[in-house]
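Data first, discussion second: the structure below is written as structure tokens.
Values quoted throughout were computed directly from the atomic coordinates according to the rules given, and no laboratory measurement underlies them. Values in this document were obtained by computation on a predicted structure and should not be read as measured data. So basically every Cβ, Gly included, is an ideal-geometry build from the backbone, and we count neighbours across all protein chains shown.
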Ligand code: BES
Ligand code: ZN
């Protein structure tokens, strides 16, 4: 297209996009994944009193909802639930009596669960719900002792984001509502319970625990874990909770956590949540990490012995500003959480581990984004996503939110200069602290606080391209890495038979260099080459999931069957979705691999989290064996 016409076309597209996306703030605040009606009534405080029963795999007890009525006419409280058994609903009168209230639990929607409608003649300030969770609750995983590091005690953990809090607490399960909470948790006397709240490192272990979270949080940040947990301090205000068998290695790997807090504070203002601890989960945890306030949940798969994967901690910590403090009001604006967090994460990595480390991580993630972008529908390539009506937010989450979001902020930093952009971001976190916002609010703030001061630094077209157009803008500046140039040279020497694998200059390579080496190999190779690589570098059987995730699919596509036993062991031991899905994906593309994948899945499934099970099952199709009892 001629430049002029292209410009006209682009301007038209952008205007359209701008008018459609940004003009209607009320529509943008709507959460299409919740039945709640926050304009009428809002939960302001939650009180939980729950018994954690490992023999029945249930939580049972009460949730007291302290309400803030916004509409004088309203006489209904509409809540989100999934697979909950609602026993009774009561309203508290001024003199402290409890009155029974009528309620109706609607038929379950497969994605959103069951709408719970409580009807009342007047507006009660506190509504108490007595309930029980299902052993299949999508937001909880109950682990047999055999699936833990110690092997002796059972383990329970929650994963509430995006819409799984409703499977263990009846509430307004939307990030647009924030509330404080307290909890009384009873469990076996020899187990420790922790929550996304004020965990006390030297609490006596007696099976009876109380928690308080004084800062208002959205429901997706509700979290609980119960198991044989011990604590080791990192600093005055931070430390690690883990099973005894993992505690030592985890504390060593994450020893820089206090430095990370200080670095982030220096950039973006004080840490507002008092303590910051890490909880190391069993390997079935379906994510890398989860930013539960005051207590990030962390996969053990990043404990590789050389701190090379600790950017994960920087990421979850960064959410204490981007996400937990300033929160996306609905999941279509998740880039406000994940894009800002990926940006902050990389800044912390740069400050603590140097620019080369930060650049390597950026090249890897930008390559990943480019790859993923090719598979995505046009509407999923936008930073400011259209409403996700009828879609499971877990399935709509892509690198667009994370990496296109980060890339956009890096673009702003380049154009406005680091100093001005840092000051802007810091004031953004202060300005919107403890609020849930949509993309338009960010854009307005950006225009007022940054663009207005230096109007020529970026054009309206550029801004619109990032926010409202698919793909990666052609003017985006890609990350580069000098250390990766050396990796590229080594790889091509090997591929062109100029050097044997054993002779490659790989001494001192970190995880990122190995990842880049593997990612640049052809998608299929001959057996002899894989044997040579394996003999030199022992990829098969690696304990580093970032390498396994890239090596095993290559062995599948290349028909290198020797890797199969170790591959099966990896797929059974690890439940972190991102690490195992690429191998399953490679296997289903191959007729013989498909049967092997089914077999491995059948064996691994009892140990997988419901989220991982759902992803693998969606891939393998419906003819997979039913869950073993
Ligand atoms: N908040 C996310 C995890 C999440 C997102 C869970 C959406 C459910 C729905 C967490 O902060 C995260 O992004 N984890 C990443 C690690 C990160 C370093 C990219 C993960 O788990 O891979
Ligand atoms: Zn995140």
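Residue separation of residue 448 and residue 426 scaled by 0.36 nm, minus their Cα-Cα distance, works out to 6.4 nm of gained length. Cβ-Cβ distance of residue 74 and residue 212, R₀ of 30 Å, FRET efficiency by 1/(1 + (r/R0)^6): the value works out to about 0.55. Sorted ascending by nearby beta carbons within 10 Å, beginning with the fewest, 138, 459, 311 become 459, 138, 311.
Under the shape rule built on the C-alpha gyration tensor, where the axes satisfy a ≥ b ≥ c, the range 482-624 is prolate, since a/c reaches at least 1.5 and a/b is greater than b/c.
I need the shape label for the range 283-379. Rule: rounded when a/c is under 1.5, else prolate if a/b > b/c, else oblate, with a, b, c from the alpha carbon gyration tensor. Cα axes put the range 283-379 in the rounded bin.
Using Cα pairs under 8 angstrom and six or more residues apart, how large is the relative contact order of the range 76-214, in percent? Don't skip to the answer; put the middle values down first.
On the way: 247 pairs, mean separation 30.5, N = 139.
In percent, rounded to a whole number, it is 22.
Taking every alpha-carbon pair under 8 Å whose residues sit at least 6 apart, the range 486-629 reaches a relative contact order of 18 percent. With neighbour counts taken as other beta-carbon atoms within 10 Å, the residues 109, 228 rank, fewest first, as 109, 228. So, R0 is 51 Å and r is the distance between the beta-carbons of residue 475 and residue 205; what FRET efficiency does that work out to, to 0.05? According to the calculation, E is roughly 0.35.
Return the percentage of antiparallel bridges among DSSP beta bridges fully within the chain, rounded to the nearest 5 %. Roughly 75 percent of the beta bridges in the chain run antiparallel, per DSSP.
Each part gets one Cα centre, and for the range 185-219 versus the range 149-182 those centres are 13 Å apart.
Please compute the length gained on full extension between residue 355 and residue 184, using 0.36 nm multiplied by the number of residues separating them and subtracting their Cα-Cα distance.
On the way: separation 171, 0.36 × 171 = 61.56 nm, distance 4.57 nm.
Result: 57.0 nm gained on full extension.
Summary of the geometry: the range 284-331 and the range 440-466, compared by the centres of their Cα atoms, lie 29 Å apart.
Here the gap between residue 492 and residue 146, fully extended at 0.36 nm per residue and compared with their Cα-Cα distance, gives a gain of 120.1 nm.
As a footprinting exposure proxy, order 567, 373 by other Cβ within 10 Å, with the fewest listed first.
Working: 567 27, 373 18.
Fewest-to-most ranking of 567, 373: 373, 567.
Could you tell me whether the chain comes out rounded, prolate or oblate from its Cα gyration tensor? Rule is a ≥ b ≥ c as square roots of the eigenvalues, rounded for a/c under 1.5, then prolate if a/b exceeds b/c, otherwise oblate. Cα axes put the chain in the oblate bin.
Take every pair of alpha-carbon atoms less than 8 Å apart whose residues are at least six positions apart; their mean separation over the length of the chain yields a relative contact order of 11 percent. Extending 7 Å from the Cα toward the beta-carbon at both residue 459 and residue 581 defines two label points whose distance is 3.6 nm.
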